[in-house]
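What follows is one structure encoded as structure tokens, with my remarks underneath.
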Amino acid sequence: VLQRYHGQPVEVPASRYRDHIAWLQTHDVAASESFWRERLQALDEPTRLASALPAPDAGTGHATCRTSLDADALARLQRSAASQHLTLNTLLQAAWVIVLQRYTGRRAVAFGATVAGRPAALPGAEAMLGLFINTLPVIQAPSPDQAVADWLQALQAENLALREHEHVPLYEIQRWAGQGGQALFDSILVFENYPVDAALRQREQNGLKLGEVSHAATTNYPLTLVISAGAT
């Protein structure tokens with residue numbers, strides 16, 4: 001839209017969403033099923049954080065709670081992650097795993113993580129228009145005697161392995177779990193590390209001014225944790 005606004009030509013994507021559909025038809029479904037069944041073996045039962053918390057006061061609808069870290073605190077987290085060759089997303093996922101373990105009393109826990117769903121093996125996937133985003137279970141069961149550094153490295157490796165199977169629909173994974181198709185988790189973690197504000201302000205030309213960017217999203221989960229790594 002901004003390219004059009006500034007009179008700049010817009011390239012037509014070389015690939016179309018139908019190419020993605022065709023790619024899915026050639027993917028090894030058995031390999032993806034084997035991958036997810038192996039992960040699901042560690043989960044004895046769905047992770048329900050809402051059931052482990054005190055019942056809320058009477059009321060309906062959704063509420064939003066916002067908090068922020070100052071620049072120094074964010075920098076410390078980023079340095080800590082970098083010193084162990086980890087992404088900030090891995091560090092935050094690990095923290096959420098510990099929260100779920102302590103509140104539910106379960107060693108093996110699961111939460112949902114949003115993924116882009118654009119296959120790296122599909123040429124032109126990044127420029128395609130279409131619905132790719134997916135929510136997948138992150139299943140972890142760290143033990144008390146496991147070194148934290150080792151677990152964090154394993155968690156990051158698991159996230160990388162998941163990318164090969166992130167196109168699998170969540171309903172299929174729930175069916176393979178043998179839990180009657182019911183949800184495996186009631187909380188999801190969304191990590192945003194793309195500075196949307198900065199990217200848009202780079203497009204300010206010809207008198208066009210953009211204000212603060214904000215968005216609100218409602219999911220079907222009791223708790224949606226959205227983390228933005230951009231400056232505020």
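The values are calculated or read from the model by the stated rules, or taken from the named source; none is laboratory data. Not measured: the values here are computed from a predicted model. Cβ sites come from the backbone with ideal geometry, for glycine too, and all protein chains shown count toward neighbours.
Regarding region 133-146, can at least one residue be identified that is acidic (Asp, Glu) and either touching a residue at least 12 places away in the same chain (Cβ under 8 Å) or assigned to a loop (DSSP other than H, G, I, E, B) (or both)? Scanning region 133-146 turns up at least one residue that is acidic (Asp, Glu) and either touching a residue at least 12 places away in the same chain (Cβ under 8 Å) or assigned to a loop (DSSP other than H, G, I, E, B) (or both). Close contacts from region 1-26, counting a first residue that is among the basic types (Lys, Arg) and a second that is at pLDDT 75 or above, with Cβ to Cβ under 7 Å and a gap of 6+ residues or different chains, come to 16/128. Among the residues of region 101-124, some residue qualifies, meaning at least one is out of contact with any helix residue (DSSP H, G or I) (no Cβ under 8 Å at 6 or more places or on another chain), surrounded by 10 or more Cβ atoms within 10 Å (Cβ to Cβ) and charged (D, E, K, R).
Residue pairs whose Cβ atoms lie under 6 Å apart, separated by 6 or more positions or on different chains, with the first residue in region 48-72 and at pLDDT 85 or above and the second outside any loop (DSSP other than H, G, I, E, B) and small (Gly, Ala, Ser), are 49/187. Filtered by the rule that a residue be in a loop (DSSP other than H, G, I, E, B) and modelled with pLDDT of 70 or more, region 185-207 gives 186, 193.
Among residues of region 160-183 that are hydrophobic (A, V, I, L, M, F, W, C), those with a beta-carbon under 7 Å from a residue that is in a helix (DSSP H, G or I) and surrounded by 14 or more Cβ atoms within 10 Å (Cβ to Cβ) at least six positions away or on a different chain give the pairs 168/32; 168/36; 173/36; 176/33; 176/36; 176/40; 177/40; 183/174. Looking across region 149-163, just one residue is out of contact with any strand residue (DSSP E or B) (no Cβ under 8 Å at 6 or more places or on another chain), closer than 16 Å to residue 139 by Cβ and of a type outside the set (A, V, I, L, M, F, W, C), and that is 156.
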